[in-house]
């Protein structure tokens, strides 16, 4: 396939799956395997990191009014009864720290499974079952708005999000949404908190990966090519732009969808994809 088409294709996949509870990491890894891309290639590893930034920026662009509103009411909140730790921005920060610390300490373990399709297939399957059960059982929320989230709930969501770092294919958004619902959040509140938590989480993760790319501690950690040609820069720009546009549209659509339909269709999709991937791997139909 033409390099430009590959870049557009991967950008679309990133934009479609980054904020849906279906695991963008697994989808990109599957697509790269099907396309026969060299997964050890420094360029394609760097490309996968950079296009995630496009998706993150789409999220900040979509919620810019909400972000400014939160900044304007920090730290006391709209009703004046919040503190640094209980304001929505403070809660997002707390959840981020709860995720970031163990994820950083488990960097080596995370690296071992990062491209393992078997792990991703199992995570897709189990995550789908968990999401289906949670969405069916926790139908009477106590918290309707993100502004009402409590500190213990934020800590709980951050802790559960760690699973998505350890087991690729679990899906960061699936973990945070399901954790929020178990804690009594409505579907919309759980989804919105997941969106806001993804901003610092993804910025930190992609920033850390890019830092390792540019200034590796060891030569084996360098994942970017030594030289970037205009052609390669254009491929990165295309993927970045496509991921931004598609992710922006997906976020707008997903919020409307969840209000009416819930998360069950995504749970079923995860189960089917995970089972299909396990079958393909066991038969040698796709690279490992």
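Since every read-out is calculated from the coordinates, none of them should be taken as a lab result. Model, not experiment: these values are computed from the prediction. Reconstructed Cβ throughout: ideal geometry from the backbone, glycine too, with neighbour counts over all protein chains shown.
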Length-normalised contact order of the chain, Cα under 8 Å, at least 6 apart, in percent, tallies to 35 percent
Proxy exposure order for 120, 174 (fewest C-beta within 10 Å first) is 120, 174
Connecting every pair of Cα atoms under 10 Å apart in the chain and solving the GNM, the largest mean-square fluctuation among 20, 137, 191 falls on 137
Percent relative contact order for segment 60-202, counting Cα pairs under 8 Å at least six residues apart, stands at 28 percent
If 81, 209, 135 are placed from fewest to most neighbouring beta carbons inside 10 Å, the sequence is 81, 209, 135
If the chain between residue 34 and residue 118 were fully extended at 0.36 nm per residue, the gain over the current Cα-Cα distance would be 28.7 nm
Per the rule of 0.36 nm per residue minus the C-alpha distance, extending residue 204 to residue 83 adds in nm 41.1 nm
Residues 144, 32, 18 in order from fewest to most other beta-carbon atoms within 10 Å are 144, 32, 18
For residue 2 and residue 66, extending 7 Å from Cα along the Cα-Cβ vector and measuring point to point gives, in nm, a value of 3.8 nm
FRET efficiency for residue 268 and residue 166 from the Cβ-Cβ distance with R0 = 25 Å, rounded to 0.05, comes out at 0.55
Once both label points are put 7 Å beyond Cα along the C-beta direction, the residue 144-residue 252 separation in nm becomes 2.6 nm
With a Förster distance of 30 angstrom and the Cβ-Cβ distance between residue 151 and residue 260, calculated FRET efficiency to the nearest 0.05 equals 0.45
At R0 = 22 Å the Cβ-Cβ FRET efficiency linking residue 275 and residue 137, nearest 0.05, sits at 0.45
